[in-house]
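So the structure is just underneath, and the comments pick up after that.
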């Protein structure tokens, strides 16, 4: 039709769109995590940077639109489109970071003696009957009758004897705490001496708290019960993220074995649980209907288990995977990961600053990129049964090493080997715990044989983790050397992959 400019196919091609998502996610991550550095400049410097970015974006977009009728090369269009995607991602990341509400109490630290707010997460109990929780502030009270509004979140440490009452009311309840505001290496915290419940949580949150409590009771975890199943603490941690009853020595062994991610609610948990649901329903309704029911299960499970960043990431990716199954999205894991990153920053920007969020995305990106590279290099040289586990562990380890060194100051390479055994065994334990929970509700007397089976798997898992946890770690004083080594390792692996592909092509050409 005359007068209508045709749309370049590169603008609408599926592969191009998915690549643009990756570039947008990279741009968003850079601006989101470098935000303090960017805003640390003088105002006029920041404005100049913004002006330059806007100009580059506008010029690139203009060149794409104007050049297409002139038959510009596809490479020219592709570079400019990727540049636009990256810059859009930069703006997105800046907006997400700017939307995060920082802790603000308009009183001197030494003046604050009480706070009022809503519990934004599930309070956690310690072994010594103390506990902690995160409070979304609404008011602060100071000496001399001072009273003011406050905003942001602060971690509150509850005194001995109060955590059971706080947990009874649960997430969403409004509380008033008396004590003192203190500084720590992670910012301001509040050490409470008195705790008062002002208002209970909304009805839906009360139902959630009651459900979680009933699950613990089904597993035999009861404050009045002297003897609990040995596996109950690990089962509640892996199913609902409740670590209150998890053995401290076991948790330490998980970390020293380089397998602490097993205790985090993430893709492993969601894949197993939703997979069981879909597998059973698929025989009755078919894959499409069962996947839709699986999507509902994922949403409900995230609500019940809690909004841990790693679990939300896994949930978003699972829902996007269902869209791909229905044909509405291309099955490209890396682009789905990028889209999940952007979506999660939209719905909950503050989660981007959590350690769980950072490790979750870094680990999965490492598995999808470096892990796949390792698998391609070693394919045919290492048995597939071992290669799958090793490439996954190695990809995650390389991608997260610098972050581990930054947050914890030590590395545990034993996880590269231990993960090959621990991950499948943990998956078996989780599956048994879930099936046991369902069957115990339906047929209570099955608890005895199921308890024996779970105890056996738990003891095997505990033995392997404890054994691997004895391996010495690597103490790091700075994350910079670890970051440099990780980058060089990734580059080297990519180079080896490239050379291996060239060798295979030359062999194939010779054979023909």
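The values are calculated or read from the model by the stated rules, or taken from the named source; none is laboratory data. Note that the coordinates shown come from a computational prediction; the quantities given were computed from them, not determined experimentally. Glycine gets a Cβ as well: all are built from the backbone with ideal geometry, and neighbour counts include every protein chain shown.
The set of residues in the stretch 154-194 being under 11 Å from residue 119 (Cβ atoms), assigned to a strand (DSSP E or B) and in contact with a helix residue (DSSP H, G or I) (Cβ under 8 Å, 6 or more places away or on another chain) consists of 158, 175. Evaluate the following for residue 136: is it surrounded by fewer than 18 Cβ atoms within 10 Å (Cβ to Cβ) and assigned to a helix (DSSP H, G or I)? No.
Residue 410 passes every criterion in (1) farther than 26 Å from residue 235 by Cα; (2) out of contact with any strand residue (DSSP E or B) (no Cβ under 8 Å at 6 or more places or on another chain) apart from (2). Among the criteria (1) part of a loop (DSSP other than H, G, I, E, B); (2) surrounded by 18 or more Cβ atoms within 10 Å (Cβ to Cβ), the one residue 129 does not fulfil is (2). Restrict the check to the stretch 268-282 and report whether at least one residue is within 12 Å of the chain's Cα centre (by Cα), under 24 Å from residue 172 (Cα atoms) and touching a residue at least 24 places away in the same chain (Cβ under 8 Å). Looking through the stretch 268-282, none of the residues is within 12 Å of the chain's Cα centre (by Cα), under 24 Å from residue 172 (Cα atoms) and touching a residue at least 24 places away in the same chain (Cβ under 8 Å).
Okay, residues lined up against (1) closer than 19 Å to residue 482 by Cα; (2) modelled with pLDDT under 90; (3) touching a strand residue (DSSP E or B) at 6+ places or on another chain (Cβ under 6 Å):
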| site | (1), (2), (3) |
| --- | --- |
| 328 | no, yes, no |
| 334 | no, yes, no |
| 342 | no, no, no |
| 366 | yes, no, no |
| 370 | yes, no, no |
| 376 | no, yes, no |
| 382 | no, yes, no |
| 385 | no, yes, no |
| 388 | no, yes, no |
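Of all the criteria given as (1) touching a helix residue (DSSP H, G or I) at 6+ places or on another chain (Cβ under 7 Å); (2) at pLDDT below 85, the one not satisfied by residue 101 is (1). Being crowded, with 19+ Cβ neighbours inside 10 Å and part of a loop (DSSP other than H, G, I, E, B) is a condition met by no residue of the stretch 430-440.
Residues of the stretch 241-257 include none that is surrounded by 18 or more Cβ atoms within 10 Å (Cβ to Cβ), farther than 27 Å from residue 410 by Cα and touching a residue at least 12 places away in the same chain (Cβ under 8 Å). Of the residues contained in the stretch 448-463, none is found to be in contact with a helix residue (DSSP H, G or I) (Cβ under 9 Å, 6 or more places away or on another chain), modelled with pLDDT under 90 and in a loop (DSSP other than H, G, I, E, B). Filtering 292, 265, 246, 320 for residues that are assigned to a helix (DSSP H, G or I) and in contact with a helix residue (DSSP H, G or I) (Cβ under 6 Å, 6 or more places away or on another chain) leaves a single hit, 320. Based on this model, can you work out whether residue 311 counts as under 23 Å from the mean Cα position of the chain (by Cα) and assigned by TED's automatic domain parsing to the domain that holds residue 425? For residue 311, the condition - under 23 Å from the mean Cα position of the chain (by Cα) and assigned by TED's automatic domain parsing to the domain that holds residue 425 - is met. One residue alone among 353, 334, 345 is touching a residue at least 60 places away in the same chain (Cβ under 8 Å) and crowded, with 20+ Cβ neighbours inside 10 Å, and that residue is 345. Consider residue 215 carefully, then state whether it is more than 17 Å from residue 461 (Cα to Cα), surrounded by 14 or more Cβ atoms within 10 Å (Cβ to Cβ), touching a strand residue (DSSP E or B) at 6+ places or on another chain (Cβ under 7 Å) and at pLDDT 80 or above. So residue 215 does not fit the description; no. May I ask you to verify whether residue 335 is part of a helix (DSSP H, G or I) and in contact with a helix residue (DSSP H, G or I) (Cβ under 8 Å, 6 or more places away or on another chain)? Yes, satisfied.
Could you list, in sequence order, the residues of the stretch 448-468 that are without any contact (Cβ under 8 Å) to a residue 40 or more places away in the chain, surrounded by 12 or more Cβ atoms within 10 Å (Cβ to Cβ) and over 17 Å from residue 418 (Cβ atoms)? Selection gives 450, 453, 456. Close Cβ contacts (under 8 Å, 6 or more residues apart or on different chains) running from residues in the stretch 470-487 that are farther than 16 Å from residue 413 by Cα and in the same structural domain as residue 406 (by TED's automatic domain parsing) to residues that are at pLDDT 90 or above and part of a strand (DSSP E or B) are absent. Residues that are over 21 Å from the mean Cα position of the chain (by Cα) and farther than 19 Å from residue 470 by Cα were ranked within the stretch 388-424; the one that is surrounded by the fewest Cβ atoms within 10 Å (Cβ to Cβ) is 388.
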